[in-house]
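Read the structure below first, then the notes.
The values are calculated or read from the model by the stated rules, or taken from the named source; none is laboratory data. What you are looking at is a predicted structure, and each value in this text was computed from that prediction instead of being measured. Neighbour counts are summed over all protein chains in view; Cβ atoms, including those assigned to glycine, are modelled from backbone coordinates with ideal geometry. Calculation scope for accessible area: heavy atoms of the full protein, side chains included, ligands and nucleic acids excluded. Shrake-Rupley method; radii C 1.70, N 1.55, O 1.52, S 1.80 Å.
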Amino acid sequence: LYTLALAGQPELAAMNRLRESGELNNDSRWRLAAAYALAGKKQVAQELVNNASLDFATKRELQYTYGSVLRNKAMALETMVLLNDSRQNDLANSIAKELNAATWHSTQTTGFALLSLSKMLIANGGKTIDVTAADQTLNSTNGFARKALKVTEGKNTLTIKNKESNRVYVSLIQQGQLPLGKELASQNNLILNTQFLDGNGKKIDVSNLRQATGITAKITVTNPTLNAVDNVALSQIFPSGWEIVNTSFTSLNGGASGQSRYKDIRDDQVNFYFDLKPKATRTFTVDLNASFLGTYYLPGTQVEAMYDRDYFARSKGQWVEVKQ
């Protein structure tokens, strides 16, 4: 039915019967919606898409259609492009990420993925780059351009203007090391949340603590993308005036809990190593005690995919004091 619609000869009666049959699976729903969109019935196509899912959990097919999860994502992207769906950018990034991975893909899967991405590229104006950044011009017909920018001490403002009708993605790459307490909280494709709780599980302010106060650090990491992220490393360094309550010799968790492949408890920090499925969240806890009087620095929490720089998050540190 999709092929007939693509050829300009849609079989609307058969499409309607299939739509009303109640036997559509998720992948078929996306494909039938594309057929309706090609036939000019975008309202019906949108109704199908509204009832479709972005959970492409179909196993790889070794016969019949030779489908896969990535192939099904690509077909859904084509439908989104036809309907100008706002979610197409996230899905396209997910497909591009999988194509770029060192993973084998069948000809069928690779073909559908490249086809859907090319259709999105054409629909968004092609790959020509013609932009101005400050007083510099960047031109390219290869879909990629890079240039060093002049910066001065203090606040810098950069205005970028796209002269084409397509969409251009901008990456600003900076290098440097900020002083203690002035780090920049940042996140990219991972969401990080760190809380400090008292013995009753209530959130507390750790900037001023009485000596011997018990604390629980609760760290939550979320993967909001459609990609599975492997080899994620979560690291939290604690002030030297705090002690990690390491009960490794007497309890299973050793004072630090959370689902991970490996856990490393040291004198001043805890590291967790784990994988994150799409849209998944992991929560980790560490038991602590404010043991020694004085003023100390609490570094921010760091989480990153060890082999993929597109996935990271970090929070800002702060000064803390332990009083008698």
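Placing unit charges on the Cβ atoms of the charged side chains and taking the dipole of the chain about its Cα centre, the candidate lying farthest along the positive direction among Ile204, Ala233, Leu192 is Leu192. Taking all protein chains together and rolling a 1.4 Å probe, Asp55 ends up with roughly 110 Å² accessible.
When the accessible area of region 98-162 is computed with all protein chains present and a 1.4 Å probe, what percentage of it is carbon and sulfur? C and S fraction of accessible area: 55 percent.
Computed with a 1.4 Å probe over protein heavy atoms only, the accessible area of Phe272 comes to about 0 Å². For region 198-324, the calculated P(r), taken from all Cα-Cα distances in 10 Å bins from zero up to the bin holding the longest distance, is 12, 42, 32, 12, 1 percent. Calculation over all alpha carbon pairs of region 147-233 in 5 angstrom steps from 0 returns a P(r) of 2, 7, 12, 12, 14, 14, 14, 9, 6, 4, 2, 1, 0 percent. Dipole size of the chain about its Cα centre, with +1 on Lys/Arg Cβ and -1 on Asp/Glu Cβ: approximately 520 debye, rounded to the nearest 20. The rule of thumb for compact globular proteins, 2.2 N^0.38 Å, goes into the C-alpha radius of gyration of region 84-165 1.43 times. Summarising the amide proton neighbourhood of Leu298: residues at separation of 5 or more, or on other chains, whose placed amide H is nearer than 5 Å comprise Gln318, Trp319, Val320.
Each semi-axis of the equivalent ellipsoid for region 55-116 is √(5λ) with λ an eigenvalue of the Cα gyration tensor; in descending order they amount to 19, 13, 10 Å. By a 1.4 Å probe calculation restricted to protein chains, Arg266 has an accessible surface near 120 Å², given to the nearest 10. In summary, the lysines within cross-link reach of Lys161, defined as a Cα separation below 18 angstrom excluding same-chain residues under 8 places away, comprise Lys127, Lys147, Lys150. Using θ = phi - 60° in the Karplus curve 6.51 cos²θ - 1.76 cosθ + 1.60, the 3J(HN,Hα) couplings for region 294-303 round to x, 10, 9, 10, 9, x, x, 7, 10, 9 Hz; x is entered for Gly and Pro. Computed with the Debye formula from one identical point scatterer per Cα of the chain, without solvent, the log10 of I(q)/I(0) at q = 0.12, 0.16 Å⁻¹ comes to -0.98, -1.26.
On a 1.4 Å probe surface of the protein chains, which of Ile95, Ile191, Ile265 comes out largest in accessible area, and what is the full order?
Putting Ile95, Ile191, Ile265 in descending order of accessible area: Ile191, Ile265, Ile95.
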